[in-house]
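Chemist: Got a structure here, written out as structure tokens. Questions coming.
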Amino acid sequence: MVFAATRRQRVPAPLRKIVQVSAILNADLHCHSVVSDGTLTPEELAARAKANGVDLWALTDHDELGGQHRAAEAARAVGLRYLTGTEISVTFADETVHIVGLGFDPDDAAMTQGLYDTRGGRGKRAQEMAAQLAQVGIHGAYEGALRFVGNPELISRTHFARFLVEQGHCRDTSEVFRKYLTEGKPGYVPHRWATLRDAVRWISGAGGLAVIAHPGRYKFTANEEYALFTEFQAHGGRAVEVVTGSHTPAEYVEYADKAREFGLAASRGSDFHSPDESHCDLGALPPLPAGLTPVWELLADRIR
């Protein structure tokens, strides 16, 4: 796969080889392990990425850094280049938005504490979700969801969805999110996460680069989306996911244009969670549209 890039950042001579190679990388910079809401371990993901032809990989568990050292070691063991990653939950305009961080120090104290505080509200929210489901005749949802959780601090809607499928309430997790757990449906409980400013500054303060994840998923008006991109950039955000597992081909074009409009680099990631649930496998996405700066070119000195 060839990833087009027309603009290049000046980098020190020792890094030029990395940047030259980066134009043809099969990069997958968004996926999840059992440390958050995926079903594979970091080691299994590294092996799967390598087998699928991925050249540069990042594990981006939700609001969690606990898998980073394992992922980096597993990537090294299979000969896979690696960038540290996470996906931070943010509340913006009353909508949950996700900001991916790439290439940061996984041991940074401020970022670690910020993510710990962000995770703190998940338990109470999960109990409220279970109570709503009980009102429509689905009992034991909290305990059932916990059986799918590797880290109880990170219990999420995905874990409830897996429980509902297991119990036969829905055929698959896509049906769960059509019938439950989304706004206006049983089991939906909003939660106020970190602010956009907090997320971008945690990432930047740890030496990383902030990316708006899958912008096509958010139900924003045109003005709200413009405000998101404007505020994100004002806080120091540097990139947007253009090609991702939940975007349509039309959205590849739309967010390529948005990247150019705001002068943002472009990222690419499958958002892979599970072999049984994800619509897009690791490394299976099409290339970035032409005329964009791949985000990995700005992170050449942080690739392990």
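Read-outs throughout are calculated quantities, based only on the coordinates presented, and are distinct from any laboratory measurement. Just so we're clear, the structure is a prediction, and the values are computed from it rather than from any experiment. Neighbour counts run over all protein chains shown; Cβ positions are idealised from the backbone, glycine included.
Chemist: I need the calculated FRET efficiency for the pair GLU261 and ALA51, taking r as the beta carbon distance and R₀ as 30 Å, to the nearest 0.05. Spell out each step's value before the answer.
Modeler: Details: r = 37 Å, r/R0 = 1.24.
The computed FRET efficiency comes out at 0.20.
Chemist: Continuing with this model, one more query. Identify, among PRO152, SER246, GLY184, the residue whose Cα sits farthest towards the positive end of the charge dipole of the chain, taking +1 on the Cβ of Lys and Arg and -1 on the Cβ of Asp and Glu, with the dipole about the Cα centre.
Modeler: Looking along the dipole axis, the top candidate is SER246.
Chemist: Please compute the Kirkwood hydrodynamic radius of the range 252-304 from all pairs of different C-alpha atoms, in Å with one decimal.
Modeler: Working: mean 1/r = 0.0791 Å⁻¹.
One decimal place: 12.6 Å for the Kirkwood radius.
Chemist: Please report, to two decimal places, log10 I(q)/I(0) for the range 55-191 at q = 0.14, 0.15 Å⁻¹ as given by the Debye formula with identical point scatterers on the Cα atoms and no solvent.
Modeler: Listed by q, the Debye log ratios stand at -0.73, -0.81.
Chemist: Taking the Cα centre of the range 211-298 as origin, sum charge times position over the Cβ atoms of Lys and Arg (+1) and Asp and Glu (-1), and report the length of that vector in debye to the nearest 20. The partial results should precede the final answer.
Modeler: Values: 6 positive and 13 negative charges, 44 e Å.
Here the range 211-298 has a charge dipole of around 220 debye.
Chemist: Also: When the helix-only estimate is applied to the chain (DSSP H runs of n ≥ 4, each -39,500 (n - 2.57), divided by the residue count), what is the mean residue ellipticity at 222 nm, nearest 500 deg cm²/dmol? Don't skip to the answer; put the middle values down first.
Modeler: On the way: 11 runs with 112 residues, N = 304.
-11000 deg cm²/dmol, from helical runs alone.
Chemist: How many angstrom separate the Cα center of the range 89-151 from the Cα center of the range 189-244?
Modeler: For the range 89-151 versus the range 189-244, the Cα centre distance is 18 Å.
Chemist: Then there is this: Using all C-alpha to C-alpha distances in the range 16-136, build P(r) with 5 Å bins and read off the rounded percent in each one.
Modeler: 2, 11, 18, 20, 17, 12, 9, 6, 3, 1, 1, 0
Chemist: Just to be sure I understand: with springs between alpha-carbon atoms less than 10 Å apart, which residue in ALA290, ALA49, ALA266 has the highest mean-square fluctuation in the Gaussian network model of the chain?
Modeler: Per the Cα network of the chain with a 10 Å cutoff, ALA290 tops the list.
Chemist: Counting DSSP beta bridges in the chain, what percent are antiparallel, to the nearest 5? Could you put the intermediate results ahead of the total?
Modeler: Values: 12 of 27 bridges.
For the chain, the DSSP antiparallel bridge percentage is about 45.
Chemist: Over all distinct alpha-carbon pairs, what is the Kirkwood Rh of the chain in angstrom?
Modeler: Working: mean 1/r = 0.0513 Å⁻¹.
Every distinct Cα pair counted, the radius reaches 19.5 Å.
Chemist: What is the calculated FRET efficiency for LEU146 to ALA284, with r their C-beta to C-beta distance and R₀ = 25 Å, to the nearest 0.05? Each step should come with its number before you reach the end.
Modeler: Details: r = 31 Å, r/R0 = 1.25.
Calculated transfer efficiency: 0.20.
Chemist: While we're here: Return an integer: the convex hull volume of the alpha-carbon atoms of the range 211-280, in Å³ per residue.
Modeler: Numbers: hull volume 5.8 nm³, N = 70.
It is 82 Å³ per residue.
Chemist: Please list, in chain and number order, the residues 5+ apart from TYR82 or on another chain whose amide H is under 5 Å from its amide H, with Hs placed from the backbone.
Modeler: Residues meeting the criterion, in which the H sits 1.01 Å from N, are TRP57, ARG304.
Chemist: Among ASP271, ASP94, ASP37, which one moves the most in a GNM of the chain with springs linking Cα atoms closer than 10 Å?
Modeler: For the chain, modelled as a Gaussian network with Cα springs under 10 Å, the answer is ASP94.
Chemist: Taking θ = phi - 60°, what integer Hz values does the Karplus form 6.51 cos²θ - 1.76 cosθ + 1.60 yield along the range 98-107, in sequence order, with x for Gly and Pro?
Modeler: 10, 10, 7, x, 10, x, 9, 7, x, 9
Chemist: For the range 146-226, which trypsin sites (Lys or Arg not before Pro) pass both filters: DSSP loop (anything but H, G, I, E, B) and at most 16 other C-beta atoms within 10 Å? Can you show the working numbers first?
Modeler: Numbers: sites: ARG147, ARG157, ARG162, ARG171, ARG178, LYS179, ARG192, ARG197, ARG201, ARG217, LYS219; in loops: ARG147, ARG171, ARG192, LYS219.
Qualifying residues, ordered by number: ARG147, ARG171, ARG192, LYS219.
Chemist: Quick one: grab the alpha carbon gyration tensor of the range 173-294, order the square roots of its eigenvalues as a ≥ b ≥ c, and give me rounded if a/c is under 1.5, else prolate or oblate depending on whether a/b is larger than b/c.
Modeler: Note, shape of the range 173-294 comes out oblate.
Chemist: Oh, and also: Short version: ³J(HN,Hα) in whole Hz for each residue of the range 246-255, in order, from phi by Karplus 6.51 cos²θ - 1.76 cosθ + 1.60 (θ = phi - 60°), x for Gly and Pro, what are they?
Modeler: Computed from phi, the couplings for the range 246-255 are 9, 8, 8, x, 5, 6, 4, 5, 4, 8 Hz.
Chemist: Can you tell me the length gained on complete extension of the stretch THR248 to GLU73, counting 0.36 nm per residue apart and subtracting the Cα distance?
Modeler: Numbers: separation 175, 0.36 × 175 = 63.00 nm, distance 3.34 nm.
Going from the current span to full extension adds 59.7 nm.
Chemist: May I pose another question? Kindly write out, for the range 292-304 in residue order, the coupling ³J(HN,Hα) from the Karplus curve 6.51 cos²θ - 1.76 cosθ + 1.60 (θ = phi - 60°), rounded to whole Hz, with x marking Gly and Pro.
Modeler: Each residue's phi maps through the Karplus curve to give 10, 8, x, 4, 5, 5, 7, 10, 4, 7, 10, 6, 8 Hz.
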